[in-house]
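S.K.: Take a look at the following structure, please.
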Amino acid sequence: MALAVYMGIHWERARRAASDMRLSRRRVMVLRQTVVKERGHVVVITGVAALAIFLAVRYG
């Protein structure tokens, strides 16, 4: 009986760890997607700013 209780507790911990791992992977994937989007925004903003400075210097 003690072994069954021990295995039950062990199984519950393993199940929780597996579900936590799935959630962690999902969070990491979402964070990576967010980083890619933010980098894209930075590239666009930097390009527009550089173009604006170039046009201001050339035609200003």
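S.K.: Through the Karplus equation 6.51 cos²θ - 1.76 cosθ + 1.60, θ set to phi - 60°, convert the phi angles of region 19-31 into ³J(HN,Hα) values in whole Hz; use x for Gly and Pro.
M.R.: Residue by residue, region 19-31 yields 5, 5, 5, 4, 5, 5, 4, 5, 4, 4, 5, 5, 4 Hz.
S.K.: Separate question: How much accessible area per residue does the chain have, counting only protein heavy atoms and a probe of 1.4 Å, in square angstrom?
M.R.: On a per-residue basis, the chain sits at 98 Å².
S.K.: For the chain, just run the numbers: alpha carbon Rg, then divide by 2.2 N^0.38 Å, N being how many residues it has.
M.R.: Dividing the Cα Rg of the chain by 2.2 N^0.38 Å gives 2.48.
The values are calculated or read from the model by the stated rules, or taken from the named source; none is laboratory data. Treat the numbers as computed from the prediction; the structure is a model and nothing was measured. Each accessible area value is taken on the protein alone, full model and side chains, heavy atoms only, with ligands, DNA and RNA left out. Shrake-Rupley method; radii C 1.70, N 1.55, O 1.52, S 1.80 Å.
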